[in-house]
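The values are calculated or read from the model by the stated rules, or taken from the named source; none is laboratory data. Remember, it's a predicted structure, so these values are computed and weren't measured experimentally. We place every Cβ from the backbone using ideal geometry, glycine too, and count neighbours over all the protein chains shown. In case anyone asks, the SASA skips ligands and DNA or RNA and just uses the protein heavy atoms, side chains included. Shrake-Rupley method; radii C 1.70, N 1.55, O 1.52, S 1.80 Å.
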Amino acid sequence: MRAHATALAVLLVFPASLEAQWSVGLSLGIARFFGGAASVVDSTPGEVHPYRPTTVGVSLGHDWGAVSIGLEFSYGSPGLAAEIPGGAFVDTKGIHFVTGSPEVTVQVLRVGSGGALRLGGGGDVTLWSIIDTDDRILVGGHVTAAYEWPVAGRFLGSMQAGVSLSPSLFRANEVDAAFERRMMLRPSVSIGIRYR
(Lines give C-alpha, C1' and ligand atoms only; values in the text may rest on other atoms or scores of the structure.)
Protein backbone atom coordinates (compact mmCIF):
# COMPACT_ATOMS: atom_id res chain seq x y z
CA MET A 1 0.00 0.00 0.00
CA ARG A 2 2.81 2.38 0.89
CA ALA A 3 4.46 1.69 -2.50
CA HIS A 4 1.24 2.68 -4.32
CA ALA A 5 1.01 5.89 -2.31
CA THR A 6 4.65 6.73 -3.13
CA ALA A 7 4.09 6.09 -6.84
CA LEU A 8 0.98 8.32 -6.81
CA ALA A 9 2.92 11.08 -5.04
CA VAL A 10 5.70 10.89 -7.65
CA LEU A 11 3.16 11.17 -10.47
CA LEU A 12 1.58 14.23 -8.84
CA VAL A 13 4.90 15.96 -8.21
CA PHE A 14 6.43 15.07 -11.61
CA PRO A 15 3.73 15.43 -14.28
CA ALA A 16 3.48 13.62 -17.60
CA SER A 17 6.11 15.94 -19.08
CA LEU A 18 8.70 13.72 -17.34
CA GLU A 19 8.07 11.10 -20.02
CA ALA A 20 8.96 13.56 -22.77
CA GLN A 21 12.47 13.91 -21.31
CA TRP A 22 13.46 10.44 -22.51
CA SER A 23 14.81 10.11 -26.04
CA VAL A 24 15.87 7.47 -28.55
CA GLY A 25 18.15 8.07 -31.51
CA LEU A 26 19.77 6.61 -34.60
CA SER A 27 23.04 7.75 -36.17
CA LEU A 28 25.31 7.03 -39.13
CA GLY A 29 28.97 8.02 -39.03
CA ILE A 30 32.49 7.59 -40.31
CA ALA A 31 35.68 7.20 -38.27
CA ARG A 32 39.45 6.94 -38.69
CA PHE A 33 41.98 5.13 -36.50
CA PHE A 34 45.55 6.06 -35.61
CA GLY A 35 47.94 4.06 -33.43
CA GLY A 36 47.63 0.36 -32.71
CA ALA A 37 51.14 -0.84 -33.58
CA ALA A 38 53.88 1.28 -35.17
CA SER A 39 57.23 0.36 -36.68
CA VAL A 40 60.25 1.42 -34.62
CA VAL A 41 62.92 0.53 -37.19
CA ASP A 42 61.87 2.53 -40.25
CA SER A 43 62.74 6.18 -40.84
CA THR A 44 59.17 6.66 -42.12
CA PRO A 45 57.31 4.30 -39.76
CA GLY A 46 54.26 2.38 -40.83
CA GLU A 47 51.32 1.49 -38.62
CA VAL A 48 48.97 -1.45 -38.25
CA HIS A 49 45.54 -0.47 -36.99
CA PRO A 50 41.81 -0.67 -37.72
CA TYR A 51 41.00 1.24 -40.91
CA ARG A 52 38.07 3.54 -41.73
CA PRO A 53 34.70 2.15 -40.64
CA THR A 54 31.22 3.36 -41.31
CA THR A 55 29.44 3.20 -37.96
CA VAL A 56 25.78 2.69 -37.10
CA GLY A 57 24.55 3.76 -33.66
CA VAL A 58 21.45 3.40 -31.49
CA SER A 59 21.09 5.57 -28.38
CA LEU A 60 18.86 6.09 -25.34
CA GLY A 61 19.00 9.30 -23.34
CA HIS A 62 17.37 11.40 -20.65
CA ASP A 63 17.37 15.20 -20.40
CA TRP A 64 17.36 17.36 -17.28
CA GLY A 65 17.20 20.87 -18.69
CA ALA A 66 20.60 21.67 -20.20
CA VAL A 67 22.15 18.39 -18.98
CA SER A 68 21.64 15.03 -20.70
CA ILE A 69 22.84 11.54 -19.95
CA GLY A 70 22.78 8.80 -22.51
CA LEU A 71 24.01 5.41 -23.63
CA GLU A 72 24.87 4.64 -27.24
CA PHE A 73 25.67 1.31 -28.85
CA SER A 74 27.53 1.49 -32.15
CA TYR A 75 28.78 -1.08 -34.65
CA GLY A 76 31.57 -0.84 -37.21
CA SER A 77 33.55 -3.17 -39.47
CA PRO A 78 36.75 -1.24 -40.20
CA GLY A 79 38.99 -3.95 -41.56
CA LEU A 80 42.64 -4.12 -40.56
CA ALA A 81 45.17 -1.88 -42.32
CA ALA A 82 48.96 -1.98 -42.67
CA GLU A 83 49.52 1.66 -43.55
CA ILE A 84 52.71 3.25 -44.87
CA PRO A 85 53.28 6.75 -46.24
CA GLY A 86 51.53 6.86 -49.59
CA GLY A 87 49.35 3.76 -49.25
CA ALA A 88 47.71 1.02 -47.23
CA PHE A 89 47.09 -2.70 -47.45
CA VAL A 90 43.64 -3.47 -46.01
CA ASP A 91 42.03 -6.74 -44.95
CA THR A 92 38.43 -5.57 -45.23
CA LYS A 93 37.01 -8.60 -43.37
CA GLY A 94 39.61 -8.72 -40.59
CA ILE A 95 37.84 -7.14 -37.63
CA HIS A 96 34.64 -5.58 -36.39
CA PHE A 97 33.51 -4.00 -33.12
CA VAL A 98 30.56 -3.14 -30.92
CA THR A 99 30.94 -0.21 -28.52
CA GLY A 100 28.83 0.82 -25.54
CA SER A 101 29.35 4.50 -24.66
CA PRO A 102 27.77 6.16 -21.61
CA GLU A 103 27.91 9.93 -21.94
CA VAL A 104 27.03 13.19 -20.19
CA THR A 105 26.46 16.28 -22.35
CA VAL A 106 25.77 19.91 -21.48
CA GLN A 107 24.07 22.53 -23.64
CA VAL A 108 26.56 25.40 -23.90
CA LEU A 109 24.89 27.62 -26.52
CA ARG A 110 21.45 28.11 -28.03
CA VAL A 111 21.53 28.58 -31.80
CA GLY A 112 18.63 30.14 -33.71
CA SER A 113 15.11 28.86 -33.12
CA GLY A 114 15.45 25.66 -31.11
CA GLY A 115 19.00 24.75 -32.10
CA ALA A 116 21.72 24.04 -29.54
CA LEU A 117 25.43 23.34 -29.29
CA ARG A 118 26.30 20.59 -26.81
CA LEU A 119 29.62 19.40 -25.38
CA GLY A 120 30.10 16.09 -23.65
CA GLY A 121 32.22 13.13 -22.77
CA GLY A 122 32.16 9.68 -21.29
CA GLY A 123 33.54 6.17 -21.41
CA ASP A 124 33.84 3.57 -24.16
CA VAL A 125 33.69 -0.19 -23.67
CA THR A 126 34.49 -1.87 -27.00
CA LEU A 127 34.24 -5.55 -27.87
CA TRP A 128 36.58 -6.30 -30.77
CA SER A 129 36.14 -9.46 -32.84
CA ILE A 130 39.24 -10.39 -34.85
CA ILE A 131 39.40 -13.15 -37.45
CA ASP A 132 41.46 -16.18 -36.32
CA THR A 133 42.13 -14.89 -32.81
CA ASP A 134 40.38 -14.22 -29.49
CA ASP A 135 37.83 -11.47 -28.99
CA ARG A 136 38.95 -8.69 -26.64
CA ILE A 137 37.45 -5.83 -24.67
CA LEU A 138 39.10 -2.39 -24.55
CA VAL A 139 38.06 0.37 -22.14
CA GLY A 140 38.68 4.01 -23.08
CA GLY A 141 36.99 7.39 -23.20
CA HIS A 142 35.75 10.09 -25.56
CA VAL A 143 34.82 13.76 -25.89
CA THR A 144 32.20 15.13 -28.30
CA ALA A 145 30.71 18.31 -29.69
CA ALA A 146 27.25 18.22 -31.27
CA TYR A 147 24.83 20.60 -32.94
CA GLU A 148 21.11 19.75 -32.62
CA TRP A 149 18.19 21.39 -34.38
CA PRO A 150 14.43 20.77 -34.53
CA VAL A 151 13.29 18.78 -37.57
CA ALA A 152 9.55 18.20 -37.08
CA GLY A 153 7.41 17.71 -34.00
CA ARG A 154 9.50 15.91 -31.38
CA PHE A 155 12.28 14.93 -33.79
CA LEU A 156 15.72 16.55 -33.51
CA GLY A 157 18.50 16.36 -36.09
CA SER A 158 22.09 16.06 -34.89
CA MET A 159 25.60 16.51 -36.31
CA GLN A 160 28.38 15.32 -34.02
CA ALA A 161 32.18 15.25 -34.02
CA GLY A 162 34.24 13.39 -31.44
CA VAL A 163 37.56 11.87 -30.49
CA SER A 164 38.01 8.56 -28.66
CA LEU A 165 41.14 7.19 -27.00
CA SER A 166 41.72 3.55 -26.02
CA PRO A 167 44.59 1.10 -25.44
CA SER A 168 46.20 -0.68 -28.38
CA LEU A 169 44.14 -3.37 -30.07
CA PHE A 170 47.13 -5.70 -29.98
CA ARG A 171 48.52 -7.77 -27.12
CA ALA A 172 52.24 -7.81 -26.37
CA ASN A 173 52.72 -11.33 -27.77
CA GLU A 174 51.03 -10.35 -31.05
CA VAL A 175 53.49 -7.59 -31.95
CA ASP A 176 56.75 -8.27 -33.79
CA ALA A 177 59.99 -6.90 -32.29
CA ALA A 178 60.11 -4.30 -35.07
CA PHE A 179 56.84 -2.77 -33.80
CA GLU A 180 55.62 -1.25 -30.56
CA ARG A 181 52.07 -0.95 -29.32
CA ARG A 182 50.48 2.50 -29.36
CA MET A 183 47.30 3.94 -27.87
CA MET A 184 44.52 4.16 -30.48
CA LEU A 185 43.04 7.53 -31.39
CA ARG A 186 39.70 7.54 -33.22
CA PRO A 187 38.31 10.83 -34.59
CA SER A 188 34.77 10.49 -35.93
CA VAL A 189 31.83 12.43 -37.33
CA SER A 190 28.19 11.38 -37.50
CA ILE A 191 24.73 12.58 -38.38
CA GLY A 192 21.60 11.34 -36.69
CA ILE A 193 18.05 11.88 -35.58
CA ARG A 194 16.60 11.79 -32.07
CA TYR A 195 12.99 11.46 -30.89
CA ARG A 196 11.98 12.78 -27.48
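Numbers for the structure displayed
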{"read-out": "Protein accessible area in the range 71-186, 1.4 Å probe - carbon and sulfur %", "value": "63"}
{"read-out": "Estimated 222 nm signal from helices in the chain, with DSSP H stretches of n ≥ 4 weighted -39500 (n - 2.57), rounded to 500", "value": "-2000 deg cm²/dmol"}
{"read-out": "For the range 98-141 and the range 57-96, distance of Cα centres in Å", "value": "9"}
{"read-out": "Inter-probe distance in nm under a simple model that places probes 7 Å from Cα toward Cβ, at residue 63 and residue 91", "value": "4.5"}
{"read-out": "Cβ-derived FRET efficiency at R0 30 Å, residue 56 paired with residue 84, nearest 0.05", "value": "0.50"}
{"read-out": "Accessible area, probe 1.4 Å, largest first, for residues 34, 89, 73", "value": "89, 73, 34"}
{"read-out": "Rounded accessible area of residue 62 (nearest 10 Å², 1.4 Å probe)", "value": "10"}
{"read-out": "Residue-level accessible surface for residue 27, protein heavy atoms, 1.4 Å, Å²", "value": "30"}
{"read-out": "Per residue accessible area in Å² of the chain, where ligands, DNA and RNA are left out and the probe is 1.4 Å", "value": "58"}
